[in-house]
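The values are calculated or read from the model by the stated rules, or taken from the named source; none is laboratory data. All values derive from a computational prediction rather than experimental measurement. Here the Cβ is made from the backbone with ideal geometry for all residues, glycine too, and neighbour counts use every protein chain on show.
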Amino acid sequence: MRILIVEDELSIANFIREGLVEEGYAVDVADNGKKGLQLALDYLDEYDIILLDWMLPGLSGIEICRNIRKQNKDIPVIFLTAKDSVDDVVFGLETGADDYIRKPFSFEELLARIRVHMRKQESQPVIFSTADIEMNIDKHIVTKNGKNVDLTQKEFSLLEHFLRNKGKVCRRVGIIEKVWDIHFDYDTAVIDVYINALRKKLDEPGKQSLITTVRGVGYKIENKE
């Protein structure tokens, strides 16, 4: 899952980014309004949620939200701001924001709100499965033949991306955009390292790998009952 943070206070932006990366999200950060809007519009179909400061240099969060809503009516937008009057809250929500969290806030509260909005966006079940593998997104658990499989955050995110696109070829560029971020090197071999790690944890000796390599294109997980 990929999140955009538009926040000019670097200490806050880094605090949020580090926490979300630890939770397995791919995160991009913009430190001013113009950059934030550009990233939002350039990658609008890739972001799953946008965290947006109200008061930004160059372009306000309100203006960014209005522009986003002209292009995409569904992506969740959460305002992060010190403004706390009822009129401010109403104005922000009427502009098109889905939620509003006042500064200062705890990371746990922000994470809970992100998860709530992502669940609302889900058109797919929170449990994915293929063959003897099952993934429960809400509980953050992967099992094989009913036994828990210990995955790192990044391995979990990578497997989630494959299972959400079960039966389809996942191109390397798409994997980067959903599991890593815009600063990641597209030619890196890190993806292959994580694929190999997943195979070691999920495959059975002597049997075909759960994750199939499509040479020159990417990878896929077959849709198996």
Q) Just checking, how many residues over the range 7-43 are in contact with a helix residue (DSSP H, G or I) (Cβ under 6 Å, 6 or more places away or on another chain) and surrounded by fewer than 16 Cβ atoms within 10 Å (Cβ to Cβ)? A) 1
Q) Looking at this structure, is L59 more than 25 Å from W180 (Cβ to Cβ) and free of Cβ contacts under 8 Å to residues at least 40 places away in the same chain? A) yes
(Q) Checking I3 against (1) within 25 Å of P104 (Cβ to Cβ); (2) in contact with a Gly (Cβ under 8 Å, 6 or more places away or on another chain), only one condition comes out false. Which one? (A) (2)
Q: Select from the range 52-83 the residues that are within 19 Å of the chain's Cα centre (by Cα) and either under 13 Å from D31 (Cβ atoms) or among the small types (G, A, S) (or both) and write down the one among them that is surrounded by the most Cβ atoms within 10 Å (Cβ to Cβ).
A: L52
Q: Among the residues of the range 199-215, write down those that are touching a strand residue (DSSP E or B) at 6+ places or on another chain (Cβ under 8 Å) and either small (G, A, S) or farther than 16 Å from V142 by Cα (or both).
A: T212, T213, V214
Q. For residues in the range 129-141 being free of Cβ contacts under 8 Å to residues at least 40 places away in the same chain and surrounded by 14 or more Cβ atoms within 10 Å (Cβ to Cβ), which is nearest to the chain's Cα centre (by Cα)?
A. I137
**Q.** Options L41, L37; residue that is outside the structural domain of V173 (by TED's automatic domain parsing), under 28 Å from F156 (Cα atoms), modelled with pLDDT of 90 or more and not in a loop (DSSP other than H, G, I, E, B)
**A.** L41
Q: Can you give me the ranges of the helices (runs of 4 or more DSSP H) entirely in the range 108-225 with at least 1 residues that are in contact with a Lys or Arg (Cβ under 9 Å, 6 or more places away or on another chain) and modelled with pLDDT of 85 or more?
A: 153-164, 190-202
Q. Can we say K70 is more than 27 Å from H161 (Cβ to Cβ), free of Cβ contacts under 8 Å to residues at least 40 places away in the same chain and either in a loop (DSSP other than H, G, I, E, B) or not small (G, A, S) (or both)?
A. yes
Q.
Just to verify a result, which residue in the range 44-58, among those that are in contact with an Asp or Glu (Cβ under 7 Å, 6 or more places away or on another chain) and part of a loop (DSSP other than H, G, I, E, B), is modelled with the lowest pLDDT?
A. E46
